[in-house]
1. Gain in length, Ala67 to Leu48, computed as 0.36 nm per residue apart minus the alpha-carbon separation, to one decimal in nm?
2. Taking semi-axes √(5λ) of the Cα gyration tensor in Å straight from the coordinates, which label in [x] 24, 21, 9; [y] 51, 20, 6; [z] 37, 21, 7 is the correct one?
3. Working out 0.36 nm times the residue gap between Ile34 and Gln12, then minus their Cα-Cα distance, what length gain in nm do you get to one decimal?
4. Please go through the chain and write out the trypsin sites (Lys or Arg not before Pro) that DSSP classes as loop and that have at most 12 other C-beta atoms within 10 Å.
5. Based on DSSP H runs of at least 4 residues, each adding -39500 (n - 2.57), what is the mean residue ellipticity at 222 nm of the chain after dividing by all its residues, to the nearest 500 deg cm²/dmol?
6. For region 51-60, take each phi angle, set θ = phi - 60°, evaluate the Karplus expression 6.51 cos²θ - 1.76 cosθ + 1.60, and give the result in whole Hz per residue in order, putting x for glycine and proline.
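Any read-out appearing in this document is the output of simple, stated calculations on the displayed coordinates, not a laboratory observation. None of the values given here were measured: they were computed from a predicted structure. All Cβ positions, even for glycine, are placed from backbone atoms using ideal geometry, and neighbour counts span all protein chains on display.
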Amino acid sequence: MLQYVQYFGRFQNFRGRVQRLPGWARFVLGILAIPGVLLLSLSILAVLVSIFALLLLTVPAYRLFSAVLVGRPAQP
């Protein structure tokens, strides 16, 4: 918990320093942050697409096996 408080304090300190910058410097900083934000959003999108592909492949197989094997005892 102490580490969380330290990280939060660092973030608040950084945020305060950024807010004290002139408007044009904050604008330039925002422009420079755009590639990182785009890469982060693309990474999240890739994870969501891979989970969807996993479900797309496994759900039909699960339904087929459960329909075929329903009521049968499991063989060890």
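1. Fully extending the segment from Ala67 to Leu48 adds 4.0 nm.
2. For semi-axes √(5λ) of the Cα gyration tensor in Å, the calculated option is [y].
3. 5.8 nm
4. Arg20
5. Mean residue ellipticity, 222 nm, calculated: -31000 deg cm²/dmol.
6. So the Karplus estimates, Gly and Pro as x, are 5, 4, 5, 4, 5, 4, 8, 8, 5, x Hz.
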